[in-house]
Each structure stands twice: as structure tokens, then as C-alpha cells.
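We did not get these values from a lab; they are worked out from the coordinates using the rules stated. These figures come from a predicted structure and were not determined experimentally. Cβ atoms come from the backbone with ideal geometry, glycine included; neighbour counts cover every protein chain shown.
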Amino acid sequence: ISSTDVLTLEYQGLAWKALKKTINDQVKKVNKSNVPKIARKLFKYNIIRGRGLLTDAIIKEQITSPSNAPVYAALILLLTQNSHKSLNELIAIQLLRVVLDNYTDDNVKLAVELLKECGEKLLQDNHQELDSIFVILENLLPEPSLN
């Protein structure tokens, strides 16, 4: 492919569609046993350029399969450990809300781990939303079903 071909709108559109399909396919494949493998595969693609695509794919799958929220949170955790630029902070907030809405001991632990990894970024970029997550956690403290 010549450099002039790469600059065409048609080529850019095709490259964007291919990136979207690849990201969607990887997010659809993620499960408990392959989270690190999928994270590594996603890093092979330009997820900084396609961070909106990644965010949309994770949110879409999370809505489709809410019981897999911990898997998506683990994927985000791995991705953010390696590149804080790749994900929009809103996906972390949305996943925290889903995980805490369906709270269990494991989900609360997962939320805490996600906050350890993303909390500083959330504090910088979305302080009000982070405060609302801490209010939810504070309200869960007296919950007798949690250890």
C-alpha cells in the first residue's frame, strides 16, 4: 500500500471498521479464563486511537451480559495497568456502578481493586462521579450480607 493510499478517506474508513470489528470480536470472546490473553491481544491493536470503540464494545457486552461485569472489570483493570490513556474514565465509572448495584463480597472486592488502579485518574478527570461511587461504597458498609 502506498502512502497516498493510506491517506485516503476510503482507506481510513476501512481501517476504522476493521479496528472496530477486531475490538468487538475480542471483547465478545473474553471470559474468566482468558482475560490476560485478550488484554494482550487488544494491546496489539491501536486501542488508544480506538478507545471509544473499546469503551462502546465493553459497555455493549456488559449490558448484554450483566453477570459478566466482573470479567469486563478485570479486563479494564489489566488494560489500565498498562495504559491509562486507552480507556475513557466513564467506562470505569459505569462498571463500578454495575458491579456495586449487584453487590456481593467478590464484586465489592473487584470494585476496590478497580478503584486502586483507576482511582487517581478518576479523581483527576471525574471527581464528582468518583465521589458518588464512594457514597455507594459507604452505604454498603453496614450491609449485613457483606463480609
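Summary table
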quantity	calculated
Angle in degrees between helix 127-140 and the longest Cα principal axis of the chain, rounded to the nearest 10	40
Candidate values (i) 177; (ii) 116; (iii) 97, label of the one derived for volume of the Cα convex hull per residue in Å³	(ii)
Computed [θ] at 222 nm, deg cm²/dmol, the chain (DSSP H ≥ 4; -39,500 (n - 2.57); rounded to nearest 500)	-24000 deg cm²/dmol
Dipole moment magnitude, nearest 20 debye, the chain about Cα centre, only Lys, Arg, Asp, Glu C-beta charged	880
Exceeding the 23 Å Cα-Cα cut-off - candidates Lys20/Lys121; Lys29/Lys60; Lys44/Lys116	Lys20/Lys121; Lys44/Lys116
Alpha-carbon centroid distance for the pair the stretch 113-147 / the stretch 2-57, whole angstrom	30
Approximate spin-label separation Lys28-Tyr45, in nm, with each point projected 7 Å along Cα-to-Cβ	1.1
For Phe43, Phe134, order by how many other beta-carbon atoms lie within 10 Å, fewest first	Phe134, Phe43
Which of Leu130, Leu90 has the fewest Cβ neighbours within 10 Å, and the rest in rising order	Leu90, Leu130
Using a Förster distance of 30 Å, the FRET efficiency for Gln12-Leu90 (Cβ separation, nearest 0.05)	0.75
